[in-house]
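This report refers to the structure that appears directly beneath it.
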C-alpha cells in the first residue's frame, strides 16, 4: 500500500504530514509506504491514496484515480489517525 502526502511545493508541509502518517501507521500496525510530493507530481503518481489540505483536495479531485482525503492540522496525530482510519475502513 502506498500513501502520498501532498502540498503545493512538496517539501515543507507535506513532509510534516508524511511523518504524522508514518507515526499513525506504526501505531495501527499497518505496513505501508509513505511519500511526500508536490501538487503536479501527485496527479500522475502511482499510489493508493492521497492526503492533503482541503484546498488542494479540490484541485486534485477529478484529476486523480485514487481517493483524496483532506487533513486540517498535519501535526494533530488524533486527526491524522481519524483520516487514515476513514480511508482504511472505506477501501
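Structure values in brief
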{"item": "Count of residues meeting criterion [touching a residue at least 40 places away in the same chain (Cβ under 8 Å) and within 15 Å of residue 15 (Cα to Cα)] in the stretch 52-75", "result": "5"}
{"item": "Residue selected from the stretch 24-38 under the condition within 15 Å of residue 8 (Cβ to Cβ) and buried (at least 19 other Cβ atoms within 10 Å of the Cβ), by the criterion nearest to the chain's Cα centre (by Cα)", "result": "36"}
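Readers should treat all values here as calculations from the given coordinates under stated rules, not as data from a laboratory. Keep in mind the model is a prediction, meaning the values are calculated, not measured. Quick reminder, even Gly has a Cβ in these numbers, built from the backbone with ideal geometry, and neighbours come from all protein chains shown.
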